[in-house]
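Below: one structure, written as C-alpha cells.
The values are calculated or read from the model by the stated rules, or taken from the named source; none is laboratory data. Everything numeric in this text was worked out from a predicted model, so none of it was measured. Note that each Cβ is placed from the backbone with ideal geometry, even for glycine, and that neighbours are counted across all protein chains shown.
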Amino acid sequence: MPEDNPLVVQSKTNVANTLRALAEGIENGNVSSYEINQSSNGSITVKADSSDGTARVIQTQTQMAGYTETSTQHIEKQPAEIRRETVKKLLDQGLTQASIAEKTMVSQKTISNDVKKIISSGTA
C-alpha cells in the first residue's frame, strides 16, 4: 500500500491524534503518568493514567505491510471484590499476572494475592 494511500494517511493520523490528546491531557493536569512504547514488531502503545489515579487508557496500534490494527482499552480502578471477578475472567483468557495487574491498575503482588483468594474460595 503506497504511503499516500488515504488509509495509510488515516492510520498515521490516528497515532498523531492520540499523541496530541495525551499532550493536552498532560497540559491540563488530567494525566498523572504516561508511557509510550514502540516494540520490535512496529506496534506503538500509549498508556495514560488519570490524575486522580482511578482510570487508565491503553491504546495500541500495530502496523504491518497491508495491515493495521488499533485497540483501545478504558480501565477503571475497581473495589477488591469486583476486581477479583475481573482477575478470574482475565486468567481464564490466559493473561499473565503482570498483564492483569496493568489492566486492573494494581501491583502484580496484589494480583497474586487475588489469585490465592480465588483458588481458596473454590471459584477458580
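Of the numbered criteria (1) crowded, with 16+ Cβ neighbours inside 10 Å; (2) aliphatic (A, V, I, L, M); (3) in the same structural domain as ALA21 (by TED's automatic domain parsing), the one ALA65 fails is (1). A search for C-beta distances below 8 Å between a residue of region 66-83 that is more than 18 Å from LYS47 (Cβ to Cβ) and any residue that is surrounded by 16 or more Cβ atoms within 10 Å (Cβ to Cβ), counting only pairs 6+ apart in sequence or on different chains, returns THR68/SER11; THR68/GLN61; ALA80/ASP114; ARG83/THR104; ARG83/VAL106; ARG83/ASP114.
Candidates SER40, SER51: the one that is over 30 Å from SER120 (Cβ atoms), touching a Ser or Thr at 6+ places or on another chain (Cβ under 6 Å), surrounded by fewer than 16 Cβ atoms within 10 Å (Cβ to Cβ) and among the small types (Gly, Ala, Ser) is SER51.
Got a number for residues in region 37-54 being within 19 Å of ARG20 (Cβ to Cβ) and in contact (Cβ under 8 Å) with a residue 12 or more places away in the chain? Result for region 37-54: 8. Would you call MET105 outside the structural domain of VAL15 (by TED's automatic domain parsing) and under 23 Å from LEU19 (Cα atoms)? Spelling it out, MET105 is indeed outside the structural domain of VAL15 (by TED's automatic domain parsing) and under 23 Å from LEU19 (Cα atoms).
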